[in-house]
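Below you'll find the structure, written out as C-alpha cells, and then a few comments.
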Amino acid sequence: MSGARRISGMRLERVLPYVQVMPLAAVLLLFLVVPLVFVGLLSFWEFDDIQYYPSFTLANYQELFASPLTWKLMADTITFTAVVWLLTVLIGFTCSYFLTFHIRTLRVQILLLLICTIPFWTSNVIRMISWIPFLGKQGVFNQGLIAVGVIDQPLEFLLYSDFAVIVCYVNLFTLFMIVPIFNSMVKIDLSIIEAARDAGANSWNILTNIIIPLSRSGIVLGTIFVVTLVMGDFFVVKIMSGSQSANVVSAMKNEIDQLYYPPAAASAMLLILIVVLMITLVLRIVDVRRELVQ
Amino acid sequence: MKESESTVKIDYSRRSFLKKASAASAGIAATGAVSGFPMVWANKLKDVELLHVGPSYSVIQEIADQASKDLGFKIQVQTAWTDALLTRIANQPDTVDVADLEFWATKRIWQRGNLQPVAIREIDLWDKIYPIFSKGEYPNGAKVSTQGALPYEVQYASGPGSKEIHSGPTDYATIIPTVYNADTLGIRPDLIGRPIESWAELLNPEFSGKTAILGIPAIGIMDAAMAVEARGDIQYGDKGNMTRAEIDQTIEIMKDLKSRGHFRAFWSSFDESVNLMASGEVVIQSMWSPAVTAVKTRGIPCVYQEMKEGYRGWGNGMGLMAHLDGLKRDAAVAYLNWYLSGWQGGFIARQGYYSAVPETARDHMSEDEWGYWYEGRPANDNIVDPYGNLMGKAGEKRDGGAFAKRMGNIECWNTVMDENRYMVKKWNEFTAS
Amino acid sequence: MSFYLLAGFFALFVLFLYGPMSSIFVLSFQGPEGGLTFPMRGVSVHWFDVLFNSQRGDAGAAFRRSAGLGLLVMGITTLLSFAAGLAFRRKFVGSGFIFYLTVISLVMPGLLISLGIGQLFQIVGVGTNWYTSGLGAHLTWTLPFGLLIMFAVFGRFSRSLEEAARDLGASRWKILVHVTTPIIFPGIIAVALFGFTLSYDEIARSVLAIGTKNTLPLEIFNMTQNVTTPDLYAIGTFTTVVSLLVILISLWSIAFIQRNRAGTPGKQ
C-alpha cells in the first residue's frame, strides 16, 4: 500500500460516516424537523371559521393554558399511559421470564415467541373492533358468565368504558414489551444465576438483584414503545369508550376535523414539549444505545 | 302531493343530452373546448372523467354507473365523510370535481372560494325543485322552520367569482340539492314496551345506560338541545345558533347526565349506531334512516319514531369545484341535470331518502313504492331496497308516514353555529368529563 | 410448581391475544345471510367475493396501494438504516444529535407528524400523495426501528472477521459485500420485515398526509364507519393472511441463507 493511498483512505475514513448517515438524516430533517417547525409556526397564526392566516398571536396558547380542559386531557392521557404501562410491563416481564427460564429448547422458545407476535401482523383496527362483539352486553363474555351463573345481569362496564380502552391497549401493545424484554433476558448468562444460587440467594433475590437489573434495557425500550403508542393513539380511546373518554391527541383530532388548525397546533406543541422532555429524561437515566449494543 | 300527478318525462338518454349540449355549446361559444360540432364534441366527451366525492349515504356506485351509461362519459365516485371532505376541499380542491356536501357544510366552506356557483338557467328542472330549497317554503306557501341552516338560506350565491352566499334568490345556486330527509330518534319498541312521543324521553332516567347520541359535535348538540328543550329545561332562541350561555347550559345538563351513566355511548359512525341498537345495548338513540332499516333487515324490531316536537332536517347537494371549466364543466352540469331527472331519485327513495325533484323520482318507482315511501300508505306488496333487502312487509306503513307530514314537521336543520368553535371546545370538555 | 403457574399465565395471555381476534376470522366465513355477530348462518366465502368484486368500496385498490407503499418503505428503510448503522460504528461529530433525532422520531405521536407534513405540503402548494408525503411520513416511523435493530445487530458483530479480510488485502467494498453484509443479513431481513409491516398497518401518520387515495388501514377504518356486513371481517382475515405470508417468506429466506452458510464462519 502506497502512502498516498493510505492518506486518502484515512480521509475517506473520516468522511464516510457522514456520507452513510446523510440519507437518514435528510429524511428526518425533511419529514420530521421541518414539518414540526411548521406546526410550531402554525400555532402562532390566526384563524377563523374559514381558514388560517400567517400572523403572530399568542391567543392560541392563552386559550390552551387558560382552559381546564387542557389539564384534564393531559391528566387522562397520563393516567391511561401509566395504567397500560404497568400492565404491559407486568405481563411482558412474566411472559418473557417464562419463555427464557422455563422453556429449555430454543425451538419451542422461538415457536412460543412467534405465537405472541403473530397478532401484531394483523390490522390494529380489526383487532380493536373484534373486542366489541366480545365485551358487549350480548357479547361472548357476558353471555358466558350468565350461562355459568356467575352473574345474572350483563356487566355494562366491560364495553364503552375506560376499562374497554385499557383492555384494548394492553391487547394491542403488550407485544412491544415482550419482545425487547425477552431479547435482553435471553442474553443473561445462566452461570451468574447458578453462582448466586450457590451463594445462597433465594429466587426473590435473584429476580430483584440479577434478572430485573439485567433486563433493564429491554424494559426501557419496551417502555418507550408502549408510552409512545398509548400517548399517540386517538382512535382506540374514541371507539372503545364510545366517545365518552378523550386524550390529548383525540381532542386535537376533533379540532383538526373542524379545520381549526392553529389551536390544534398549539396543543401539538405542548405535547411535543412533554414528549421531548420525557425522552431526554429516559436517555439521561439509561444509555439506550450502549444497552442495545451490549 | 297532488301536483305530482303531472309527470314530467325527461329522457336523459345520451342522444338527447348531446342534442341539448350541442345546442347549448353553440350558444356559449366562449368555452373554447366546445367547437360546436356534435361529433367532435361527443368524441372528446367520452374521454371526460368526473370524480364525485361525498358521504356514502349519498355518493353511491350504482348511481354513478347508471349516469355513466346514460351520459356517455365516466363518473367515478369516492366516499368521504363530511369532515374529511371539508378538509379535502380546503386543502386539495383540485382532487375533487363534484363535491357532495351537506348544506350546513356548504355554509362553512363556501367562502373559501374552492367551489363555483351554477347558473340557475343551466339547471333544466330548477322550477320543479322542492321549494324548501328554492323558496324556503312548502308547496302550500307555509314557511319552513329557520332554526339551523335551512337549505334555502345557503342556496343562492352572489354570482360567479364571488365567495359570498346570498340571502334570497339570485340567478346562481351554490350547490344543487339532491337528497334530504327528516331525522329523529330510533327506538326498540320491543324493549321499551310503551309509546314514545317526545324527544324528552332521550333524557328519561328510565332509560339510563340505554341511550346514545351522535358523537359529531355539531349534530350531537342539536339532538341534545331537542331533548333538553322538550323536557322544558331551556327555551332556546334558535337551537341551530345557540348563544354561549345556551351552549354552557346544555353542556352542563349533558355532563350531569353523563356522570350518572345515562349514556351508553356516543356513536360516530353509521355502523356503530346499527350495532348499538341491534345488540340491545341501547333502546333509544339518535339514528339515521338507513341505520334503522339496517337493524330491521336483521329481523329486529326498530322504529324511526315520530316525535311531537318535530324532526331534525338535513339536506345534501352537489357543488362544482372551482377548477372545472370548458368541456369538463359542461359534463359536470350535465351530470347535475341527470341527477335531478329521476333515476337517482327512485334509487335513493328505496333507502328512505327524498329526491330534490320528487315528481321525476316517481317515474322511476312503482305505484306501490311511491305509495309506501312518499305517501305513507300501507304497502300492497313487500317493499325492498335497491339491493333487494326487505324494507317493509305488505301491509306495513313507513315510520312517520307521508313525505309532506315528515318534511312538514322539521323543527330545526343541521347547521354550523356562529359559536361553532366555542361549541366544539365545550363538546370536547363534555367528552373528557 | 412455578412452571405450571407461569405456563398457565402464559396460556391465559395467548387466549387473551387470540380470543376476540379468532372470532373475527370465523365470522368472516359467514353465509350470505349472516351478520356481524354469532350465530353463523351457514359457511361461505361470499364476503370475500363481496370485498373484491363489489363496486362499493375501494378495498382492492387500497390493498395494492398499501402493498406498494409497504415495499417502497421497506426498500428505503433497509438501505438507509443499513448505511446509517455502518456510520454509527465509528465516532463522528453529530452522532449523538442524530441518534437523539431518531428517538424523537420514534416517540413523536404520529398524528402530529402527519399534521405537519400535510399542512406543509398544502402551504407549499404540492399535493399530498401516498408516494411522496405519505412515504416520508411512514419513514419517520420505520427508520428509527431500522436503526435500533442495526445497533443491536452491529453490537453483537465481531470486527475480527473484517480485520482478517483486510489483512488478506480485501478492499473496503469487498469486505462490505462479502464479509459484513452476509453476516448481518438476518438483521437486514428483520429491518425489512419491520419496515413493511409497520408501514402496512400505519394509520396515524397516514391520516393527514396520505392524500386522497386511501391506504388499506384507512380504508378499513372507513369501512368500520359504514359497513355492517361481514366483508369488514373478510378484509381482516385477508390482511392477516397476507402478513403471515410475508413473515413465512422472510423466515424461510433466513433459514435458507443460514443453511447455505452452515459450516462457513460468521454464523452467529
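When you scan region C:157-172, do you find a residue that is in contact (Cβ under 8 Å) with a residue 12 or more places away in the chain and within 12 Å of chain A (Cβ to nearest Cβ), even just one? So far as region C:157-172 goes, yes, one or more of its residues are in contact (Cβ under 8 Å) with a residue 12 or more places away in the chain and within 12 Å of chain A (Cβ to nearest Cβ). Condition check for C:A67 on (1) surrounded by 15 or more Cβ atoms within 10 Å (Cβ to Cβ); (2) farther than 20 Å from A:F134 by Cα; (3) within 14 Å of chain B (Cβ to nearest Cβ): one failure, at (3). Among the candidates C:T180, C:T224, C:T140, the residue that is facing chain A (nearest Cβ under 9 Å), assigned to a helix (DSSP H, G or I), in contact with an Asp or Glu (Cβ under 7 Å, 6 or more places away or on another chain) and on the phi < 0 side of the Ramachandran plot is uniquely C:T224.
For every residue, the table says whether it meets (1) within 7 Å of another protein chain (Cβ to nearest Cβ); (2) farther than 24 Å from C:V107 by Cβ; (3) modelled with pLDDT under 90.
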{"position": "A:D189", "(1), (2), (3)": "no, yes, yes"}
{"position": "A:A196", "(1), (2), (3)": "no, yes, no"}
{"position": "A:I211", "(1), (2), (3)": "no, yes, no"}
{"position": "A:Q244", "(1), (2), (3)": "yes, yes, yes"}
{"position": "A:K253", "(1), (2), (3)": "yes, no, no"}
{"position": "A:P263", "(1), (2), (3)": "no, no, no"}
{"position": "A:M269", "(1), (2), (3)": "no, no, no"}
{"position": "A:R284", "(1), (2), (3)": "no, no, yes"}
{"position": "A:R289", "(1), (2), (3)": "yes, no, yes"}
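Got at least one residue in region B:165-177 being in the same structural domain as B:N275 (by TED's automatic domain parsing) and surrounded by fewer than 20 Cβ atoms within 10 Å (Cβ to Cβ)? No, every residue in region B:165-177 fails to be in the same structural domain as B:N275 (by TED's automatic domain parsing) and surrounded by fewer than 20 Cβ atoms within 10 Å (Cβ to Cβ). Of the numbered criteria (1) of a type in the set (A, V, I, L, M); (2) surrounded by fewer than 21 Cβ atoms within 10 Å (Cβ to Cβ); (3) within 19 Å of the chain's Cα centre (by Cα), the one B:L150 fails is (2). Inspect region A:187-199 for any residue being at positive phi, outside any helix (DSSP H, G or I) and surrounded by fewer than 14 Cβ atoms within 10 Å (Cβ to Cβ) and give the result as yes or no. Within region A:187-199 (the criterion being at positive phi, outside any helix (DSSP H, G or I) and surrounded by fewer than 14 Cβ atoms within 10 Å (Cβ to Cβ)), the answer is no, since none of the residues qualifies.
Quick check: anything in region B:252-259 touching a strand residue (DSSP E or B) at 6+ places or on another chain (Cβ under 8 Å), in contact (Cβ under 8 Å) with a residue 40 or more places away in the chain and closer than 24 Å to B:W104 by Cβ? Checking region B:252-259: not a single residue is touching a strand residue (DSSP E or B) at 6+ places or on another chain (Cβ under 8 Å), in contact (Cβ under 8 Å) with a residue 40 or more places away in the chain and closer than 24 Å to B:W104 by Cβ. What are the residues in region B:387-419 that are in contact with a Lys or Arg (Cβ under 8 Å, 6 or more places away or on another chain) and surrounded by 20 or more Cβ atoms within 10 Å (Cβ to Cβ), if any? Within region B:387-419, B:M391, B:G392, B:G400, B:I410, B:E411, B:C412, B:W413, B:N414, B:T415, B:V416 qualify. Among the residues making up region B:385-429, a single one is touching an Asp or Glu at 6+ places or on another chain (Cβ under 9 Å), among the hydrophobic types (A, V, I, L, M, F, W, C), within 14 Å of another protein chain (Cβ to nearest Cβ) and in a helix (DSSP H, G or I): B:V424.
Looking across region B:253-271, just one residue is crowded, with 24+ Cβ neighbours inside 10 Å and charged (D, E, K, R), and that is B:R264. Close contacts from region A:200-228, counting a first residue that is in contact (Cβ under 8 Å) with a residue 40 or more places away in the chain and a second that is hydroxyl-bearing (S, T, Y) and assigned to a helix (DSSP H, G or I), with Cβ to Cβ under 6 Å and a gap of 6+ residues or different chains, come to A:S215/A:S184; A:S217/A:S184; A:G218/A:S184; A:V226/A:T88; A:V227/A:T81. With respect to being away from chain A (no Cβ under 14 Å), assigned to a loop (DSSP other than H, G, I, E, B) and touching a residue at least 12 places away in the same chain (Cβ under 8 Å), B:P177 falls outside the description.
Of the residues examined, A:P263 is not one that is free of Cβ contacts under 8 Å to residues at least 24 places away in the same chain and not aromatic (F, W, Y). Selection within region B:239-278: residues that are out of contact with any helix residue (DSSP H, G or I) (no Cβ under 8 Å at 6 or more places or on another chain) and of a type in the set (S, T, Y). The member of this set that is farthest from B:R421 (Cα to Cα) is B:S259. How many residues does region B:207-252 contain that are under 24 Å from B:M277 (Cα atoms) and surrounded by 17 or more Cβ atoms within 10 Å (Cβ to Cβ)? Residues that pass the stated criteria total 21.
Of the helices (runs of 4 or more DSSP H) that lie entirely inside region B:218-319, those containing 3 or more residues that are modelled with pLDDT of 90 or more span B:244-259. Filter region B:77-100 down to residues that are of a type in the set (A, V, I, L, M) and away from chain A (no Cβ under 13 Å) and give me whichever is nearest to the chain's Cα centre (by Cα). If we take residues in region B:77-100 being of a type in the set (A, V, I, L, M) and away from chain A (no Cβ under 13 Å), then B:A99 is nearest to the chain's Cα centre (by Cα). Scanning region C:89-119 for residues that are facing another protein chain (nearest Cβ under 7 Å) and either acidic (D, E) or not in a helix (DSSP H, G or I) (or both) yields C:R90, C:F92, C:M108, C:P109.
The values are calculated or read from the model by the stated rules, or taken from the named source; none is laboratory data. Bear in mind the structure is a predicted one, so any value in this text is a computation, not a measurement. All Cβ positions, glycine included, derive from the backbone under ideal geometry; neighbour counts span all protein chains shown.
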